[in-house]
Structure formats: structure tokens, C-alpha cells
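Okay, structure first, notes after.
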Amino acid sequence: MSQQSLTVIGLGPMGQAMVKALIEAGIEVTVWNRTAAKAEAMAELGAHRAETAAEALDANRVIILSLTHYQAMYDILGPAADHLRGKVIANLSSDSPENTREGAAWATEHGAQYLVGGFMSQGDDIKHPDSYLYLSGPKDVFEAHRDLLRPLSRQEYLGDDYGLAQVFYQAELALFHAFLIGWEQALAIVDRSGADLDRFVAGASGHPNSYRDFMREFAEGAKHGGWGDLHSFKMMHAGAQHVIDASEDLGVDARLTRTVQDYYRRAIEATDKAGHPVPVYRIIRGDAA
């Protein structure tokens, strides 16, 4: 086995992007996928195609998994579990932190070393300058293989806890999903109004530092129980209503903003009941009671 070689199991868009980046970096790659056509496409780029998952495991010491979820790991590697001893499994599949910890326990019980990862990238564009890869697991395992994994993206090693990469990854996705739907609502408001969409996009996308500053301010607030007081909650509740009115006047779905408004309604009610501010953060965190 070459020191500059590894196996990639799972060839969805992210798996294929990883194979391409690794091959371009001069790393020898063996691939396996349940849909053979995807493996054949990677073989045309220079990858070695394994016929079975067991053969893919045997081909290299370092194995990257890029699967839909952790259950797929058990489905694929379970029948070949006796081939795991001595391997390093870098599971870059998405799942909950607890599921990743359970997956790590399963793999290490079968004699493998284990790393967990989560990509923050522009879709499957892992070459994007803003792309990075959260990684967690034993530091010595990370240090021993960081150079081999370096072509995949800038690395952010978080610590020994196997679940930590998915904590950070899923937290960022929580923000990302809400942002995307909010952005689509914003675009729909402007578009349905007949205003110049390109002009709006140019302005709205031109002040990312403002969002950064809000993120930092609210993070500081979270350390002390959350941001805001009763006046702030009422102001945000009223502001949300204006967005709802603007949206629905144009026929734009405002359910996302109604959800936002409901959090401020709950904060107002909880504050009135408690006699002191109960921020939205505490409601979301689940400890407002």
C-alpha cells in the first residue's frame, strides 16, 4: 500500500469531488460505490475501481466514507467488518453528533481508528477558497493523516470528541438552511413587487460584515442567557409583522417570518410571566421554563 493512497467509499457529488481533488494532488485513489456507473466514471479519471466493499477496504489503510448517513456505513461495512482492523476510517458523512459517536465506537470495536468530518463548502465545490472541513477524533490520528487529507479543503481540527465535528457542522447548517429560505423570501418580495432584482442583490450582498457583527453580538449575549429585553422583543415582534404584511400583500409565503414572530411572542409572554427578560435564545435552547 502506498503512503500516498487511500480509498473513497460513496461517490455522490461530494465523494466525486473528493476523488477528483485527490487525484489532482497525485494521490492514488481506490473507489467503490453501490451504483457501479459512478465508480466507472471515477475510474476513467484514473481511480482504481474495487469490485466489493471488502476489496475497497483491503486496498488502502485510510478509508474515506462519503455516504448519505451513518446507517449506510453499517449497511456497507457491516458485512465486511472483519476487514476493518488496522484501518483508519475518516467518515465525512452527515449525521447527528450522537450517531457519529456511536459509529466511532462501532468502528473502533472492530479494530479501526476513526475520524469524523463535516464539509462547509459551496455545494460540492471543495476547491472554493471559503471551503473548509471540520474534523474531530483522536489528535494523534488526525496529525498522522492531515497531510494525506489536505487536498480535500482547509482543515479545522476541533478536538478528541468524535461528535464535535458534527456539532459544529450541523450548527452551521441550522444557520445556512434558515438563511437560504429567508433569502428566497427576500428575493420573492422584491421580484413580486416588480423592483430591480439585480439592484437589490447587489446591495444586500454587499454588507456581510454587518451579519458578522450581529453574529458576534448575539454570541456574546448567549454567554449571558441571550440578547434583548422586553422592549427589544416587542420591537422585533412588530418588525416581523411588517415583513409578514409586505410579503402577503404581494402573495409571498410568509410562514418563515411567522415562525420568527412566534419566538418573539413567546419571549414576550415568558418575560411578562417571569418578571425579567427571557430571551429567544433561552426558548430555543430549551431552558426558558
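Which helices (runs of 4 or more DSSP H) does the range 1-108 wholly contain that include 1 or more residues that are outside the structural domain of Asp124 (by TED's automatic domain parsing) and touching a residue at least 60 places away in the same chain (Cβ under 8 Å)? Working first, answer last.
On the way: elements: 13-24, 36-43, 53-59, 70-77.
Counting at least 1 such residues, we get no helices (runs of 4 or more DSSP H) at all.
If a residue must be part of a helix (DSSP H, G or I) and either closer than 23 Å to Ser247 by Cβ or of a type in the set (Ser, Thr, Tyr) (or both), how many such residues does the range 158-184 contain? Give the steps one after another, and end with the answer.
Looking only at the range 158-184, we keep the residues that are part of a helix (DSSP H, G or I), and these are 164-184.
Checking which are either closer than 23 Å to Ser247 by Cβ or of a type in the set (Ser, Thr, Tyr) (or both) leaves us with 169, 174-184.
So the answer is 12.
Regarding the range 68-79, can at least one residue be identified that is within 18 Å of Ala39 (Cβ to Cβ), surrounded by fewer than 22 Cβ atoms within 10 Å (Cβ to Cβ) and of a type in the set (Asp, Glu)? Yes, some residue in the range 68-79 is within 18 Å of Ala39 (Cβ to Cβ), surrounded by fewer than 22 Cβ atoms within 10 Å (Cβ to Cβ) and of a type in the set (Asp, Glu). More than 24 Å from Lys139 (Cα to Cα) and surrounded by fewer than 17 Cβ atoms within 10 Å (Cβ to Cβ) - does that describe any residue in the range 96-108? No: the range 96-108 contains no residue that is more than 24 Å from Lys139 (Cα to Cα) and surrounded by fewer than 17 Cβ atoms within 10 Å (Cβ to Cβ). Annotation note: Cβ proximity below 6 Å between a residue of the range 214-237 that is closer than 21 Å to Arg265 by Cβ and a residue that is among the aliphatic types (A, V, I, L, M) and at pLDDT 95 or above (sequence gap 6+ or interchain) occurs for Phe233/Ala267; Phe233/Ile268. Go through the residues of the range 80-92 one by one and say whether even a single one is farther than 18 Å from Gly137 by Cβ, surrounded by fewer than 24 Cβ atoms within 10 Å (Cβ to Cβ) and touching a strand residue (DSSP E or B) at 6+ places or on another chain (Cβ under 7 Å). Within the range 80-92 (the criterion being farther than 18 Å from Gly137 by Cβ, surrounded by fewer than 24 Cβ atoms within 10 Å (Cβ to Cβ) and touching a strand residue (DSSP E or B) at 6+ places or on another chain (Cβ under 7 Å)), the answer is no, since none of the residues qualifies.
Within the range 218-254, which residues are in a helix (DSSP H, G or I) and loosely packed, with under 11 Cβ neighbours inside 10 Å? Residues satisfying the conditions are Glu220, His231, His242. Residue count for the range 15-37, restricted to those that are touching a strand residue (DSSP E or B) at 6+ places or on another chain (Cβ under 9 Å) and modelled with pLDDT under 95: 1.
The values are calculated or read from the model by the stated rules, or taken from the named source; none is laboratory data. Bear in mind the structure is a predicted one, so any value in this text is a computation, not a measurement. Glycine gets a Cβ as well: all are built from the backbone with ideal geometry, and neighbour counts include every protein chain shown.
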